[in-house]
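Reading through the C-alpha cells given below for one structure.
The values are calculated or read from the model by the stated rules, or taken from the named source; none is laboratory data. Predicted model only: the values in this text are computed from it and were never measured. Don't worry about glycine lacking a Cβ; one is built from the backbone with ideal geometry, like all the others, and counts go over all protein chains shown.
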Amino acid sequence: MKQTLLQFAQYNLWANKLMVDTVLKLTSEQTDMVITSSFDTIRKTVLHCRAADYIWLQRLQLAEQPLWVGGEVDKPIDEVCRHWLQVGEALLQFVEKQFDDNALEHVLQYYDLQKTSHKMPVYKVLLHVFNHATYHRGQLVTMLRQAGETKIPRLDFIVFANKK
C-alpha cells in the first residue's frame with residue numbers, strides 16, 4: 001500500500017507542477033475569466049485545490065485547529081501556486097515517513113468545516129486527497145481551453161508512469 005500511495009503522491013506533485021507552470025503563463029484576464037464550473041474562475045479553482053490539499057495535510061499532521069485558506073481570493077496567483085506545490089511536497093514527505101502499511105491503516109479523527117467529527121484510515125484520506133486533486137485538475141484543463149490556452153499539459157497517470 002505504501003508504494004502505491006508513494007506513486008500517487010509523486011504523480012500528484014508532478015501533475016500539480018505541470019498545471020502550475022501552465023497557470024503562471026496566463027494573463028490575469030484569463031485567470032479571472034468567468035467560466036461555468038465548480039468554481040467560476042481558474043484562480044478560484046486553483047485556490048480551492050491548494051486550500052483542500054492544505055487542510056488535509058494539516059489534518060494528517062494532527063493539527064489541533066487546521067486552517068482553511070480557501071477565502072484568500074486576493075492573494076497573488078503565484079503565491080497560491082507556490083504554496084500549492086509546497087503542500088504537495090509535504091504530502092509526499094508524509095507518505096515517505098510512514099513506517100509501514102500499518103501506519104497508513106491508522107484511523108484518523110478529524111473535523112470537517114462544519115465541525116462534524118469523522119473517522120477514516122489515513123490511506124483512505126490520502127486516496128481522497130489525490131483523487132480530489134485529479135478531479136479539479138481535469139476541470140482546470142477544460143477551463144484553460146475555454147480561456148484560450150492551447151498548450152495544455154498531458155496529466156494522465158500513464159504519462160507520468162512512462163517517464164519513470
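Of all residues being assigned to a helix (DSSP H, G or I) and among the polar types (S, T, N, Q) in the range 37-70, which is surrounded by the most Cβ atoms within 10 Å (Cβ to Cβ)? Just the residue, please. Restricting to residues being assigned to a helix (DSSP H, G or I) and among the polar types (S, T, N, Q), the top hit is Thr45. One residue alone among Val20, Val69 is out of contact with any strand residue (DSSP E or B) (no Cβ under 6 Å at 6 or more places or on another chain) and closer than 20 Å to Lys151 by Cβ, and that residue is Val20.
Evaluate the following for Val34: is it modelled with pLDDT under 95 and surrounded by fewer than 19 Cβ atoms within 10 Å (Cβ to Cβ)? Considered against the rule, which asks whether it is modelled with pLDDT under 95 and surrounded by fewer than 19 Cβ atoms within 10 Å (Cβ to Cβ), Val34 comes out as no. Number of residues in the range 121-164 that are within 18 Å of Thr27 (Cα to Cα) and small (Gly, Ala, Ser) equals 2.
The residues in the range 106-164 that are among the β-branched types (Val, Ile, Thr), crowded, with 17+ Cβ neighbours inside 10 Å and more than 19 Å from the chain's Cα centre (by Cα) can be counted, and the count is 0.
Can you tell me which residues in the range 120-164 are assigned to a loop (DSSP other than H, G, I, E, B) and of a type in the set (S, T, N, Q)? The one that is assigned to a loop (DSSP other than H, G, I, E, B) and of a type in the set (S, T, N, Q): Thr150.
Can you tell me which of (1) of a type outside the set (S, T, N, Q); (2) in contact with a Leu (Cβ under 6 Å, 6 or more places away or on another chain); (3) surrounded by fewer than 18 Cβ atoms within 10 Å (Cβ to Cβ) is the one Gly88 doesn't meet? Unmet for Gly88, out of (1) of a type outside the set (S, T, N, Q); (2) in contact with a Leu (Cβ under 6 Å, 6 or more places away or on another chain); (3) surrounded by fewer than 18 Cβ atoms within 10 Å (Cβ to Cβ): (3).
When restricted to residues that are without any contact (Cβ under 8 Å) to a residue 24 or more places away in the chain and either part of a loop (DSSP other than H, G, I, E, B) or among the aromatic types (Phe, Trp, Tyr) (or both), the range 27-36 contains 4. Scanning the range 71-80 turns up no residue that is crowded, with 19+ Cβ neighbours inside 10 Å and under 28 Å from Gln3 (Cα atoms).
Determine, yes or no, whether Leu60 is within 10 Å of the chain's Cα centre (by Cα) and either farther than 25 Å from Lys119 by Cα or at pLDDT 95 or above (or both). It is false that Leu60 is within 10 Å of the chain's Cα centre (by Cα) and either farther than 25 Å from Lys119 by Cα or at pLDDT 95 or above (or both). Report, by residue number, each residue of the range 47-61 that is farther than 14 Å from Gln86 by Cα and touching a residue at least 40 places away in the same chain (Cβ under 8 Å). Those that are farther than 14 Å from Gln86 by Cα and touching a residue at least 40 places away in the same chain (Cβ under 8 Å): His48, Arg59, Leu60.
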